[in-house]
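Data block below; observations after.
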Amino acid sequence: MVSQAWANFARTGVPSANGLPKWEPYTRDGGATMLLGDDMKLVHHHDRDLMALLSPEYEY
């Protein structure tokens, strides 16, 4: 599935494959990120706390 997503991304600019959630482009407001693994899912702002810790001066 990941290989198919990479191939589709290279071909169309959208990482899609059967079984993957619909991809959303990352934006600062939306924070969409595709997590790949046993449980593939699209999450929003999953790392906001970590990013604030690593770069506290940055405006999220």
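A few notes on this one:
- Whichever residue in segment 9-18 is under 15 Å from the mean Cα position of the chain (by Cα) and open to solvent by less than 90 Å² (accessible area, probe 1.4 Å) and, among such residues, is farthest from Leu35 (Cα to Cα): Gly13
- Of all residues making up segment 1-44, the number that are touching a Phe, Trp or Tyr at 6+ places or on another chain (Cβ under 9 Å), β-branched (Val, Ile, Thr) and in a loop (DSSP other than H, G, I, E, B): 1
- Yes/no for Thr27 being under 30 Å from Tyr58 (Cα atoms), free of Cβ contacts under 8 Å to residues at least 24 places away in the same chain, loosely packed, with under 11 Cβ neighbours inside 10 Å and polar (S, T, N, Q): yes
- Among the residues of segment 30-60, the ones that are hydroxyl-bearing (Ser, Thr, Tyr) and open to solvent by less than 60 Å² (accessible area, probe 1.4 Å) come to 2 in all.
The values are calculated or read from the model by the stated rules, or taken from the named source; none is laboratory data. If you're wondering where the values come from, they're calculated on a predicted model, not measured in any experiment. We place every Cβ from the backbone using ideal geometry, glycine too, and count neighbours over all the protein chains shown. When the accessible area is computed, the model is the full protein with side chains, heavy atoms only, and any ligands, DNA or RNA have been set aside. Shrake-Rupley method; radii C 1.70, N 1.55, O 1.52, S 1.80 Å.
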